[in-house]
Amino acid sequence: MIERNLPALIPLIFLASALLIPILGLWKKKLAYPLAIIATLTSASLSVYGFIYVLLNGTIRYNFSGWIPPIGIEYVYDPLSSFVVLVINFITLVVLTHSFIPVTIDLEFKQTAYYSVVMLLLTGFNGMVITGDLFNLYVFIEISSLAGYALIAVGEKKAPFAAFRYLIIGTIGASFYLLGIGYLYFMSGTLNMSDLAAIMPMIKDSPTILVALILIVVALGVKMAIFPMHGWLPDSYTYAPTSTSSLIAPIGTKVGAYAMMRILFFVFGADYFSKELPVGDLIAIFACGGIIFGSVMAIAQKELKRMLAYSSVAQIGYIGLGIGLANPFGFIGAVLHLLNHAFMKATLFFIAGNLRNKTGNSDITLFDDSYRKKYPWTMASFTIAALSMVGLPPLAGFFSKWYLVLGTIENSKWLYLAVILTSSLLNAVYFFRIIEKVYMKSPAQSKDSGTDNFEIKRDEVSASMLIPTLILAIGLIVLGLLNVVIVNQIYKMMPVGM
Amino acid sequence: MEILQTYNSIVPFYAIIVSIIAVPLIIISGKFPNLREFWTILAALVKFGLVLSLLPGAMEGKAALYSLLEIAPGIELALKADQFGVFFALIASGLWIFTSFYSIGYVRGNDERKQTRYFASFSVCLSATIGIAFSANFLTFIVFYEILTIATYPLVIHKENKEAISAGRKYLLYTLSAGIILIAAAGLTYTYAGTLNFNPGGIFESIELSQGGATVLFLLFLTGVGVKAGIMPLHSWLPAAMAAPTPVSALLHAVAVVKSGVFGVVRIVGFIFGPEMMYNYGLNNILLAFAGVTIITASLLAFKQDNLKRRLAYSTIGHLSYIVLGVALLSPSGFAGGIFHIATHATMKITLFFCAGAIYVNLHKENISELNGIGKVMPWTMAAFTIGSLGLAGIPPINGFISKWFLGVGALQANMSIALIILVLSGLLNAGYFFPIIHRAFFREGKNLEGHKEASLLMVLPIVITAFLSLLFGLFPDLFFNFFTTAVNISNSVLGGFLR
């Protein structure tokens, strides 16, 4: 019985808690966090159950208020959406566990409001992923974006401005999207994704559809932060508080990527956008631009969160490249990287948060080898995440790159292949720079004395911050070794005809 | 093409993980050096024993097969202990035993910092090396190859001075770039051939590739393994890596890492491309050219080096290309000679590096110009050095003569007298850059050598044993481990009935 309601239940749990937290929080402030955790735990468990159920039994469709599509709004819980929902909710669970201490310290008096908005954000994300209606997608894009702007704005001094910039860029993007689906509605008379996919072959030769496609790609590109629509990302990730960046960085851009995949592959169709039109190649080229741009800019950064932000631009580029290739291996690479990068970035932002918790900053120029002694587990997790980002087997990051490599070879796109390979090397530069600083005495120091002048004691962060970090880091090893298990499920997520 | 008989056995897997298991034990015993070193020695002995147990089966043509898990659609992380794998694994694990004792003497004699990190990293490196030896397909090979790169990094930068850190950066730059290129090569091969499994005689049997496509693919592979194999111009990380402690240079940069590189070259030539494809597309000539240039240039550059370890590094670069030259000849004696050289060069070079380390720890001398008269003070060390040098120059009855002889015969079999000339010339150059060292040590008067005696037993004993092994295997090449017969068998299984 519960299965049939899962598509609606999962986002609604978050919505309910978003409304409940302020009410109960006014009564007792300390209830905000436990409520948020309970809601996330429930949704995450349902997501696990839902994913397995869908893989075994097929797609679940839910019609709100019983109205049949295309008149009513339909929620489609199929292998792809259930997978992305699982990733989002699981990562959120881990992030919220990690965030308890940072939120208590950074946002002491705003906790109730903060957690309520986080729940709203998750409502938006889950809704975006599960919905089968184009306009409903817009609604939830706006919900999640507005929640996101608020969560970012409560950060450091420059945060409100960064959030404002994101707001402007994001709203423009959302407007493009609205215009795009407006054109689609005009041409087809429906807003339901499956319905539109059926009608598409009849209307696809019209220039209106082409314009709609471009508008939607640009709009979702903003949400996804594909180069050159990424401008909002670096400042937002850097100045947001620890808990926000840990939450938004791993999953925020991924829902945008999912929306792009859903609309391009399942509504327009891979043949249309990549074979009949050069849109696939365009996306891939811009993605490659982002990969190189992000990697190079990351090398230039002196602050860890900013470096990770530019690194994210590059990593999103990989997913964009997979989408642009529009072949099976590209699709697998994109979806797998959606998962892998969520884990990797979450780990890395946790580490930035851990360091800020202990030293007050995450300035790379201040890293030195005392960090190795003071925060051994945090730095060990950093090493694992860094090696995975560079793409060293058998860690997770290697495999998403492997599938993307196979995808580029399948289409004989040698430029994209070179970009993927070069970026691995660029990634190595900015990660190994930190590893060098942390694990080795700088040459200046080693000249002074052969032994340490005083004992540097271990001063690792508390368990509620350390354990999530370690869980995700170990998860990278597990995801790498078991990637075939995941990939076999991804085959079920592919659109018909791929 | 030969179909290899296989049987399922978990022994190859145990052989790899025995030193991984030792790592946490080493780390927790960090404050108790003797206990910590005990784990290293124990792991080395067990590993060698496990590998040795695979030898009889391998000699009969049966390979122990162990599949770990499917790591990519259609490709498994799998281990196959075939003759070539067991051959390499025996050399690496056997020499690790000696290096471990030597390491103890070295790090204690030098009072090195971060000894726990040193021994732990060493253990991981040996696991990775055995993993490379037993890889059943190219993707498994890449996994262990990259693990080896990362695991050797802490050892290269061990001293943490400016030279070491810069050497580490160069090392990573070269090896990571090569690893990335290998991934591209593997992806292309998988797309064209549908499999990455190593098969004696090649896997491209009925696939048609264009000349350009085959050449590009081969060059990608060659660049990928060529860095670790020290093929010029990808070699310059090796002299820089001499900033590492000498046992690291001895085992890793003369045996494990660089031999993994040439192991990769042989796997690519013999087990992926196969002799027919190499010959038909002219790829063996490309390989021959690179090898020939490397041998001569490295031998010439060795003359210029005053730092003893750097001279040995260039000598290593040259000798690695003996192996490459041998397989590039695609003739029975050449191929077998090249493979046998993996074993002979290992024992000889490790002896020389051990000697260099002993001289450094004992007398704090690094440069050849300072080595006058040390033969009187360290007679055993320098005697071993002499044996190693004679062997590398190709003088009987040291084992180096045998591999060189067969390489020469192989050159004639392939009608490539240029290769023969290169080999002879290189032998003369070897003599030219080694004999002055021996001359200085024994026939010149040294300064400030009073009161010094031979290095500690922990160092001298391994030196003498490896030198003695070089002599012993020169007289009885098949003693104990059938190295020579194995080399011939491998050559036959790869070349099959191939005739130029």
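No lab work stands behind these numbers, since they all come straight from the coordinates. Computed from a predicted model, the values in this text were never measured in an experiment. A quick note on method: Cβ atoms are made from the backbone with ideal geometry, for glycine too, and the neighbour counts reach across all protein chains shown.
Take the eigenvalues of the Cα gyration tensor for region A:1-56, scale each by 5, and report the square roots as semi-axes in whole Å, largest first.
They are 27, 11, 6 Å, listed largest first.
If you project the alpha carbons of region B:347-500 onto their three principal axes, what span does each projection cover, largest first, in Å?
Principal extents (Cα only, largest first): 62, 33, 20 Å.
With bins 5 Å wide starting at 0, give me the P(r) of region B:1-106 over every alpha carbon pair, in whole percents.
P(r) over region B:1-106, rounded to whole percents: 2, 13, 19, 19, 16, 13, 9, 6, 3, 1, 0.
May I ask you to order B:222-232, B:30-40, A:285-295, A:136-146 by the average number of other C-beta atoms within 10 Å around their residues, highest value first?
In descending order of packing, they fall as B:222-232, A:285-295, A:136-146, B:30-40.
So which of A:LYS492/B:LYS80; A:LYS223/A:LYS302; A:LYS110/A:LYS158 end up more than 29 Å apart, counting from Cα to Cα?
Over 29 Å Cα-Cα: A:LYS492/B:LYS80.
With equal scatterers on the alpha carbons only and no solvent term, can you work out the Debye log10 of I(q)/I(0) for region A:32-87 at 0.15 1/Å?
These q points yield log10 I(q)/I(0) values of -0.53.
Would you order A:TRP27, A:TRP377, B:TRP237, A:TRP402 from fewest to most other beta-carbon atoms within 10 Å of each residue's own beta-carbon?
Placing the least packed residue first, the sequence is A:TRP27, A:TRP377, B:TRP237, A:TRP402.
Of the peptides A:18-24, B:483-489, B:384-390, how do they stack up when ordered by the mean number of other Cβ atoms within 10 Å, highest first?
Per-residue mean Cβ counts within 10 Å order the peptides as B:384-390, B:483-489, A:18-24.
Could you state the orientation-averaged shadow area of the convex hull built on the Cα atoms of region A:293-383, in nm² to one decimal?
Dividing the Cα hull surface by four gives the mean projection, 6.1 nm².
Would you kindly give the portion of the calculated P(r) for region A:80-183 that falls above 24 Å, as a percent of all Cα pairs?
Result: 31 percent of Cα pairs exceed 24 Å.
Note down the Stokes-Einstein diffusion coefficient of region B:288-350 in µm²/s, whole number, using a Kirkwood radius over alpha carbon pairs, 20 °C, and 1.002 mPa s. Present the calculation step by step, with values, prior to reporting the outcome.
Details: Rh = 11.8 Å.
Value of D from the Cα-based Kirkwood radius: 181 µm²/s.
What residues from region A:114-158 fall in the zone where the backbone N is under 18 Å from a label point 7 Å along the Cα-to-C-beta line of A:THR171?
The answer is A:138-154.
List the extent of the Cα atoms of region B:372-430 along each of their three principal axes, largest first, rounded to whole Å.
Projected onto the principal axes, the Cα atoms of region B:372-430 cover 48, 19, 9 Å.
Over all alpha-carbon pairs in region B:58-131, figure out the percentage whose distance exceeds 15 Å.
The answer is 67 percent, as a whole percent.
No solvent, one uniform scatterer per C-alpha: report log10 I(q)/I(0) for region A:144-302 via the Debye equation at q = 0.11 1/Å, two decimals.
-0.48
Take the Cβ-Cβ distance between A:ILE52 and A:VAL478 as r, set R0 to 25 Å, and report the resulting FRET efficiency rounded to the nearest 0.05. Present the calculation step by step, with values, prior to reporting the outcome.
Numbers: r = 18 Å, r/R0 = 0.70.
Given R0 = 25 Å and the Cβ-Cβ separation, E is 0.90.
Taking amide H atoms as placed 1.01 Å from N in the peptide plane, list the residues 5 or more away in sequence, or in a different chain, whose amide H sits under 5 Å from that of B:SER67.
B:LEU79
Quick one, what does Rg over Rh come out to for region A:453-498 if you take C-alpha atoms and the Kirkwood Rh?
We get a ratio of 1.37 for region A:453-498.
Just to be sure I understand the curve: with the Debye formula and one point per C-alpha of chain A, what is log10 I(q)/I(0) at q = 0.09 Å⁻¹?
The calculated log intensity ratios at q = 0.09 Å⁻¹ are -0.58.
Tell me the label-point distance for the pair A:VAL485, A:ASP363, using the 7 Å Cα-to-Cβ offset, in nm and rounded to one decimal.
4.5
Output needed for region A:226-316: three equivalent-ellipsoid semi-axes, defined as square roots of 5 times the C-alpha gyration tensor eigenvalues, in descending order, whole Å. Intermediate results must be reported in sequence, preceding the final value.
Values: eigenvalues 157, 50, 11 Å².
With the √(5λ) rule applied to region A:226-316, the semi-axes are 28, 16, 7 Å.
Across 10 Å bins from 0, what is the distribution of all Cα-Cα pair distances for region B:183-296, in whole percents?
Percent of pairs per bin, in order: 14, 44, 28, 12, 2.
Report, in cubic angstrom per residue, the convex hull volume of the C-alpha atoms of region B:162-203.
Enclosed volume per residue, from the Cα hull, is 71 Å³.
How large is the direction-averaged shadow of the alpha-carbon convex hull of chain B, in nm²?
Mean orientational projected area (chain B, Cα hull): 20.6 nm².
Answer rounded, prolate or oblate for region B:77-187, using the Cα gyration tensor with square roots of eigenvalues a ≥ b ≥ c: rounded when a/c is under 1.5, else prolate when a/b is larger than b/c, else oblate.
It is oblate, given that a/c is not under 1.5 and a/b is not larger than b/c.
Among the DSSP beta bridges whose two residues both lie in chain B, what percent are antiparallel, rounded to the nearest 5?
70
Just from its helices, what would the mean residue ellipticity at 222 nm be for the protein assembly as shown, if runs of 4 or more DSSP H residues each count -39500 (n - 2.57) and the sum is divided by every residue, rounded to the nearest 500 deg cm²/dmol?
Computed mean residue ellipticity for the protein assembly as shown: -24500 deg cm²/dmol.
From the Cα trace of region A:335-404, what convex hull volume per residue do you get, rounded to a whole Å³?
Working: hull volume 6.1 nm³, N = 70.
Spread over its residues, the Cα hull of region A:335-404 gives 86 Å³ apiece.
List the pairs from B:LYS114/B:LYS162; B:LYS162/B:LYS376; B:LYS259/B:LYS453; A:LYS305/B:LYS159; A:LYS373/B:LYS309; A:LYS401/B:LYS349 whose alpha-carbon separation is above 27 Å, in the order I gave them. Don't skip to the answer; put the middle values down first.
Numbers: B:LYS114/B:LYS162 17 Å; B:LYS162/B:LYS376 35 Å; B:LYS259/B:LYS453 34 Å; A:LYS305/B:LYS159 31 Å; A:LYS373/B:LYS309 33 Å; A:LYS401/B:LYS349 38 Å.
Flagged as over cut-off: B:LYS162/B:LYS376; B:LYS259/B:LYS453; A:LYS305/B:LYS159; A:LYS373/B:LYS309; A:LYS401/B:LYS349.
Taking the Cα atoms of region B:213-369 alone, what are Rg (to one decimal) and Dmax (as a whole number) in Å?
Answer for region B:213-369, Rg first and Dmax second: 15.9, 55 Å.
Taking 10 °C and 1.306 mPa s as the conditions, I'd like the Stokes-Einstein D for region A:229-278 in µm²/s, using the Kirkwood hydrodynamic radius from alpha carbon pairs. Walk me through the numbers on the way to the answer.
Numbers: Rh = 12.8 Å.
Calculated translational D: 125 µm²/s.
Working from the alpha-carbon coordinates of region A:349-443, get Rg over Rh, Rh being the Kirkwood radius.
Radius of gyration over Kirkwood radius for region A:349-443 works out to 1.09.
D for region A:1-143, whole µm²/s, Stokes-Einstein with Kirkwood Rh over alpha-carbon pairs at 25 °C and 0.890 mPa s: what number?
Details: Rh = 15.5 Å.
Roughly 158 µm²/s, to the nearest whole number.
Using just the Cα positions, wrap the protein assembly as shown in a convex hull and report its mean projected area in square nanometres, one decimal place.
Numbers: hull surface 161.5 nm².
Averaging across all directions leaves 40.4 nm² for the Cα convex hull.
In the neighborhood of B:ALA133, defined by Cβ-to-Cβ distances under 15 Å, what is the net charge if each Lys or Arg adds +1 and each Asp or Glu adds -1?
+4
By how many nm would the segment from A:ILE68 to A:ALA300 grow when fully extended, if each residue of separation counts as 0.36 nm and the alpha-carbon distance is taken off?
Contour length minus the Cα-Cα distance gives 78.1 nm.
Given a Förster distance of 45 Å, report the FRET efficiency between B:ASN492 and B:ARG117 from their Cβ-Cβ distance, rounded to the nearest 0.05.
Working from the Cβ atoms, E equals 0.55.
Give me A:VAL313, A:VAL94 ranked fewest to most by other Cβ atoms within 10 Å of their Cβ, as a rough exposure proxy.
A:VAL94, A:VAL313
Counting only other chains, and only Cβ atoms inside 10 Å, what mean value do you get across the residues of A:388-401?
4
If I take every Cα pair under 8 Å that is 6 or more residues apart in chain B, average their sequence separation and divide by the length, what percent do I get for the relative contact order?
Computed over chain B, the figure is 15 percent.
How large is Rg/Rh for region B:15-62, to two decimals, with Cα atoms and a Kirkwood Rh?
Over the Cα atoms of region B:15-62, Rg/Rh equals 1.18.
Find, to one decimal place in angstroms, the Kirkwood hydrodynamic radius of region A:143-189, where the mean of 1/r is taken over every pair of different Cα atoms and then inverted.
Details: mean 1/r = 0.0845 Å⁻¹.
Hydrodynamic radius (Kirkwood, Cα pairs) of region A:143-189 is 11.8 Å.
Please state, rounded to one decimal and in Å, the Kirkwood hydrodynamic radius that region A:339-498 gives when every pair of distinct Cα atoms enters the mean of 1/r.
Taking the inverse mean of 1/r over all distinct Cα pairs, region A:339-498 comes out at 17.6 Å.
How are the Cα pair distances of region B:421-500 distributed, in percent, across 5 Å bins from 0?
For region B:421-500, the binned pair fractions read 3, 10, 9, 11, 18, 17, 12, 7, 6, 3, 2, 1, 0 percent.
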